[in-house]
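> The following block contains the structure, expressed as structure tokens.
Throughout, read-outs are computed from the coordinates displayed, never taken from laboratory work. Note that the structure is predicted; figures quoted are calculated from it, not measured. Reconstructed Cβ throughout: ideal geometry from the backbone, glycine too, with neighbour counts over all protein chains shown.
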Amino acid sequence: MRRPIGWLLFAIMVMGFAVSPAQADETPYEDTWKYRAEGSLAFEGLTNNYGFWEGVDTKLYARINRKVTLFGNAIFWDREAQLSGLAGVGAYIEWLSFLYTYTSVYGGTNDPYNPLIRVDHDFNFKVGKDGFVVLTLGAMYLKYHSEHWDIAPYAGVSAYLGPFVLGYRLIVNISNPDAVVGLSHLATLDYGTEGDHSSYLAVNYGKSAYSATYLTTPQEIRQNSLRVGVGHRHWIKNNWGLFGELNFLWLEQSYEKFGGMFGVFFTWGHLPYAEE
């Protein structure tokens, strides 16, 4: 029987945050890193005999300059002795003082839960005094290892209020074939300071909708879903720290999923300021 190692990871995460030393003896934190690496272990337990899943997630960020950040990401899952993987690259680019974009392209192994390809792109516009409000407009495209493919335009707004960031996003998912439309809402609350600690709450509620083409007579399937995630990132030293998340997913008439993730990050290199 598979041991629920996820609970052990969660215990390690809590202990790590609890015993992490203060940074009083260090120089003040400066956001000048050039490279950042992250690695995490994840676990998910599903009801209705879907099993227990374990995963590994690795990321590497590289700042080319103050306006361009590139990243690579690889994710591996063990779903009841069935291995699968997802890998991708992306970029954050500041084009103007009020405009930056996010772009990513991922590819996955042949697995029912993986897309063959996923492409995300969004535009982010800073408005208001000091750009404290950010308006987002974008879309994602997913092609699966079957005749199914999705296109999902979305729009959102974020407000930066001191150490708090409030966010909302409306996502319109159009599932093909048959162009079945489902809506979802994502609300987020972040609190914290870079270089010290940060926490977040994310709630996603909506309707999963698609055409069940595997049935003899294809029919439209609609299921309400709810996902709640709570996470924390804690700097132990100026150049490294720990992070983790606990999450819950409910999919109507299907299953519930309880999950968590624990990881470590570290930075190196020095990105000079513009005047240096």
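> Go ahead and run the numbers for FRET between F125 and D196, Cβ-Cβ distance against an R0 of 25 Å, rounding to 0.05.
Efficiency, rounded to the nearest 0.05: 0.30.
> Which ³J(HN,Hα) values in Hz, rounded to whole numbers, follow from the phi angles of region 90-99 under the Karplus curve 6.51 cos²θ - 1.76 cosθ + 1.60, where θ = phi - 60° and Gly and Pro get x?
x, 7, 10, 9, 8, 8, 9, 4, 10, 9
> A further question follows. Once phi is turned into ³J(HN,Hα) by the Karplus curve 6.51 cos²θ - 1.76 cosθ + 1.60 with θ = phi - 60°, what whole-Hz value does each residue of region 196-204 show in order, with x for glycine and proline?
With coefficients 6.51, -1.76 and 1.60, one gets 10, 7, 8, 9, 8, 10, 10, 10, 10 Hz.
> According to a simple spin-label model (label point 7 Å from Cα along Cα-to-Cβ), what is the distance in nm between F164 and F266?
3.7
> How much length is gained if the chain between A62 and Q253 is pulled fully straight, taking 0.36 nm per residue apart and subtracting their Cα-Cα distance, in nm to one decimal?
Numbers: separation 191, 0.36 × 191 = 68.76 nm, distance 4.28 nm.
Gain in length upon complete extension: 64.5 nm.
> Give the cross-link partners of K34 among the lysines, using a straight C-alpha distance below 19 Å as the criterion and excluding same-chain residues fewer than 8 apart.
Within the straight-line limit of under 19 Å, K34 reaches these lysines: K59, K67, K237.
> For Q82 and A155 in the same chain, what is the full-extension length gain: residue separation times 0.36 nm, less their Cα-Cα distance, in nm?
Details: separation 73, 0.36 × 73 = 26.28 nm, distance 3.57 nm.
Stretched out fully, the Q82 to A155 stretch lengthens by 22.7 nm.
> Okay, moving on. Could you give the nm distance between label points at Y50 and H185, where each point is 7 Å from its Cα heading toward the beta carbon?
2.3
> Taking H placed 1.01 Å from N in the peptide plane, check which residues at least 5 places from D178 or on another chain put their amide H under 5 Å from its amide H.
Amide H neighbours of D178: none.
> Once you have the alpha carbon radius of gyration of region 104-155, what is it after dividing by 2.2 N^0.38 Å, with N set to its residue count? Intermediate values should be presented prior to the final figure.
Working: Rg = 15.1 Å, N = 52, 2.2 N^0.38 = 9.9 Å.
This ratio for region 104-155 stands at 1.53.
> Spin-label point model (7 Å from Cα, Cβ direction): what's the W33 to S97 distance in nm?
Roughly 2.9 nm, to one decimal.
> Residue-wise, which Karplus ³J(HN,Hα) couplings in Hz belong to region 138-155, taking 6.51 cos²θ - 1.76 cosθ + 1.60, θ = phi - 60°, and x for glycine or proline?
Values per residue, Gly and Pro as x: x, 7, 10, 10, 10, 10, 9, 7, 7, 7, 7, 8, 10, 10, 9, x, 8, 9 Hz.
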